[in-house]
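Participant: The following block contains the structure, expressed as structure tokens.
The values are calculated or read from the model by the stated rules, or taken from the named source; none is laboratory data. Note that the coordinates shown come from a computational prediction; the quantities given were computed from them, not determined experimentally. Cβ atoms come from the backbone with ideal geometry, glycine included; neighbour counts cover every protein chain shown. To get the accessible areas, we keep the full protein, side chains included, count just its heavy atoms, and leave off ligands, DNA and RNA. Shrake-Rupley method; radii C 1.70, N 1.55, O 1.52, S 1.80 Å.
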Amino acid sequence: MKSLRELYKIGRGPSSSHTMGPMKAAGIFASEHADAARYEVELYGSLAATGKGHMTDAAISDVLEKTAPCKIIWYPAKTLPYHPNGMVFKAFDNSDKAIAEWTCYSIGGGSLSEGGEKDRFAESPEVYDKNSIGEIVEWCRDNGRSFWEYVELCEGPQIWDYLAEIWQAMKQSVENGLNNEGALPGPLHLSRKAATYHIKASGYKPSLQSRGLVFSYALAVSEENASGGTIVTAPTCGSCGVLPAVLYYQSRFHEFSDRRILHALATAGLFGNVVKQNASISGAEVGCQGEVGVACAMASAATCQLFGGTPSQIEYAAEMGLEHHLGMTCDPVCGLVQIPCIERNAFAAARALDANIYASFSDGVHRVSFDSVVKVMKQTGHDLPSLYKETSEGGLAKNFTK
């Protein structure tokens, strides 16, 4: 598996696959063909179907048009072989002759692939020698260690400086979201709710207050993402509110130190990394189960560790977080990362807290492993029709009326 640096990325919303990935690809193409007189970019499949709502065209044009004019061509009904999020970049000279062409895929979480055996993006080093949670749990038992210690062993102590930057960015995204009000951009005219939820939560008894606060933190980050603010992919932009909400709540109201939060962040990343390695975190490939479902699993594992869970209990919490999102479709209304995405982040954050409680009451012994759920999620995602995978052609997106 790759480094957690490949999973946790600080960037601008609203979508890691539809905004961050294409923007990165455009930057690479522009730097390699800075002599072009003009550019064309063909968008395929999910990128074309929901690209306007996700601001994919703006992300690409903002980069390329610093060098030369850019034309975006949309092919929502066509899909390239390797992944639903396909892009073809073309450069032309002054005589309008094509001088370069490059096919690239945005595979989720802001990551790119060229889709072939010779893939420059596959050249980053493999950091982890184990690719399944089952193997890592066994290592923890044999060595009397926890998940975060395995992360440190593989990544080196310098990973904590990086995760400290990630934690700071997560906290900032929560606080920015709580301080912003008004309508989100786009045709839905959806009002921000984080600040209102945060204020209302203070009037409830502690048992209900905790849920209200977690809701408000998840809403805050998700609303920042929807408005193009700075967030952390955890594991994606569309699911970026879940883990920060849970960790921010634990740090503020249970007074966990930053050091313990960083350990929890490492453990969460390990679970997300396993899914990215063995299945997918792309909504266009496996639906929302790969985004919000994985984020819930990550937050469940982090919370269980903070409260002293054993490796088996932590794995159980994460398993429940993912299992109970199996089959969740990705059907963004109007192609925006707003309905139902923002609300799903809030509910998944609350569900992560419940997964921790349930796992903590157990002895950690359970029949369905996290790794088996990852396999099921991958197969379920492939079985889902394309209209339920970030195309806005089915589900809520099809039946919603303003």
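Participant: When you look at Gly272, is it under 21 Å from Glu393 (Cβ atoms), of a type outside the set (Phe, Trp, Tyr) and touching a residue at least 60 places away in the same chain (Cβ under 8 Å), yes or no? Steps first, answer last, please.
Facilitator: Working: under 21 Å from Glu393 (Cβ atoms): no; of a type outside the set (Phe, Trp, Tyr): yes; touching a residue at least 60 places away in the same chain (Cβ under 8 Å): yes.
Against the criterion (under 21 Å from Glu393 (Cβ atoms), of a type outside the set (Phe, Trp, Tyr) and touching a residue at least 60 places away in the same chain (Cβ under 8 Å)), Gly272 does not qualify.
Participant: Does His18 satisfy the criteria of being assigned to a loop (DSSP other than H, G, I, E, B), touching a residue at least 60 places away in the same chain (Cβ under 8 Å) and surrounded by 23 or more Cβ atoms within 10 Å (Cβ to Cβ)? Explain how you work it out, then say what you get.
Facilitator: On the way: assigned to a loop (DSSP other than H, G, I, E, B): no; touching a residue at least 60 places away in the same chain (Cβ under 8 Å): yes; surrounded by 23 or more Cβ atoms within 10 Å (Cβ to Cβ): yes.
Answer is no for this residue.
Participant: OK, next. List the residue pairs whose Cβ atoms are under 6 Å apart, where the first residue sits in the range 42-69 and is touching a residue at least 24 places away in the same chain (Cβ under 8 Å) and aromatic (Phe, Trp, Tyr), the second is outside any helix (DSSP H, G or I) and surrounded by fewer than 22 Cβ atoms within 10 Å (Cβ to Cβ), and the two are 6 or more positions apart or on different chains.
Facilitator: Tyr44/Tyr75; Tyr44/Lys78; Tyr44/Thr79; Tyr44/Leu80
Participant: Quick test for you: out of Ser106, Ser124, pick the one residue that is in a loop (DSSP other than H, G, I, E, B), touching a residue at least 24 places away in the same chain (Cβ under 8 Å) and under 26 Å from the mean Cα position of the chain (by Cα).
Facilitator: Criteria check complete, one pass: Ser124.
Participant: Let me ask something additional. Which one is farthest from Cys334 (Cα to Cα), of the residues in the range 42-77 that are at pLDDT below 95 and assigned to a loop (DSSP other than H, G, I, E, B)?
Facilitator: Looking at the filtered set, the residue picked out is Ala77.
Participant: I'm trying to understand the selection: among the residues of the range 46-58, which are out of contact with any Phe, Trp or Tyr (no Cβ under 8 Å at 6 or more places or on another chain) and surrounded by 24 or more Cβ atoms within 10 Å (Cβ to Cβ)?
Facilitator: Once the filter is applied, which keeps residues that are out of contact with any Phe, Trp or Tyr (no Cβ under 8 Å at 6 or more places or on another chain) and surrounded by 24 or more Cβ atoms within 10 Å (Cβ to Cβ), the range 46-58 yields Ser46, Leu47, Ala49, Thr50, His54, Met55, Thr56.
Participant: For the range 171-199, which residues satisfy the criterion of being aliphatic (A, V, I, L, M) and either in contact with a Leu (Cβ under 7 Å, 6 or more places away or on another chain) or free of Cβ contacts under 8 Å to residues at least 24 places away in the same chain (or both)?
Facilitator: So in the range 171-199, the residues aliphatic (A, V, I, L, M) come out as 174, 178, 183-184, 188, 190, 194-195, 199.
Passing the criteria: Ala183, Leu184, Leu188, Leu190, Ala194, Ala195, Ile199.
Participant: Could you pull out the residue among Ile136, Ile99 that is among the β-branched types (Val, Ile, Thr), more than 24 Å from the chain's Cα centre (by Cα) and outside any loop (DSSP other than H, G, I, E, B)? Give the steps one after another, and end with the answer.
Facilitator: Values: Ile136 fails: more than 24 Å from the chain's Cα centre (by Cα).
Result of the check over Ile136, Ile99: Ile99.
Participant: So which of Glu323, Glu315 is under 21 Å from the mean Cα position of the chain (by Cα), surrounded by 23 or more Cβ atoms within 10 Å (Cβ to Cβ) and acidic (Asp, Glu)?
Facilitator: Values: Glu323 fails: surrounded by 23 or more Cβ atoms within 10 Å (Cβ to Cβ).
None of the others qualify; the one that does is Glu315.
Participant: Here's something else I'd like to know. Which one of these is in contact (Cβ under 8 Å) with a residue 12 or more places away in the chain, of a type in the set (Phe, Trp, Tyr) and open to solvent by less than 10 Å² (accessible area, probe 1.4 Å): Phe29, Phe92? Break it down stepwise before answering.
Facilitator: Details: Phe92 fails: open to solvent by less than 10 Å² (accessible area, probe 1.4 Å).
Testing whether each residue is in contact (Cβ under 8 Å) with a residue 12 or more places away in the chain, of a type in the set (Phe, Trp, Tyr) and open to solvent by less than 10 Å² (accessible area, probe 1.4 Å) leaves just Phe29.
Participant: Determine which member of the set Gln168, Gln209 is within 21 Å of Gly110 (Cα to Cα) and not aromatic (Phe, Trp, Tyr).
Facilitator: Numbers: Gln209 fails: within 21 Å of Gly110 (Cα to Cα).
Every option except Gln168 fails the conditions.
Participant: Look at Glu40 and say whether it is acidic (Asp, Glu), under 17 Å from the mean Cα position of the chain (by Cα), open to solvent by 20 Å² or more (accessible area, probe 1.4 Å) and at negative phi.
Facilitator: Details: acidic (Asp, Glu): yes; under 17 Å from the mean Cα position of the chain (by Cα): no; open to solvent by 20 Å² or more (accessible area, probe 1.4 Å): yes; at negative phi: yes.
Taking the combined requirement at face value, the residue does not satisfy it.
Participant: Filter the range 172-187 for residues that are surrounded by fewer than 18 Cβ atoms within 10 Å (Cβ to Cβ) and within 23 Å of Thr233 (Cβ to Cβ) and give the result.
Facilitator: Step one: list which residues in the range 172-187 are surrounded by fewer than 18 Cβ atoms within 10 Å (Cβ to Cβ), which gives 175, 179-183, 185, 187.
Listed by number, the residues that qualify are Glu175, Asn179, Asn180, Pro185.
Participant: Return the residues of the range 154-212 that are of a type in the set (Gly, Ala, Ser) and farther than 22 Å from Arg260 by Cβ; say none if nothing qualifies.
Facilitator: The first filter runs over the range 154-212 and keeps only residues of a type in the set (Gly, Ala, Ser), leaving 156, 164, 169, 173, 177, 182-183, 186, 191, 194-195, 201-203, 207, 210, 212.
If the condition is that a residue be of a type in the set (Gly, Ala, Ser) and farther than 22 Å from Arg260 by Cβ, then Gly177, Gly182, Ala183, Gly186, Ser191, Ala194, Ala195, Ala201, Ser202, Gly203, Ser207, Gly212 are the ones that fit.
Participant: For Asp371, all conditions in the list (1) in contact with a Leu (Cβ under 8 Å, 6 or more places away or on another chain); (2) acidic (Asp, Glu); (3) within 24 Å of Glu135 (Cβ to Cβ) hold save one; what is the number of the exception?
Facilitator: (1)
Participant: Check off (1) over 26 Å from Gln338 (Cβ atoms); (2) touching a strand residue (DSSP E or B) at 6+ places or on another chain (Cβ under 8 Å); (3) among the hydrophobic types (A, V, I, L, M, F, W, C) for Cys154 and give me the number that stays unchecked.
Facilitator: (2)
Participant: Could you run through the range 127-160 and say how many residues are in contact (Cβ under 8 Å) with a residue 40 or more places away in the chain, under 30 Å from Gly381 (Cα atoms) and open to solvent by 50 Å² or more (accessible area, probe 1.4 Å)?
Facilitator: 2
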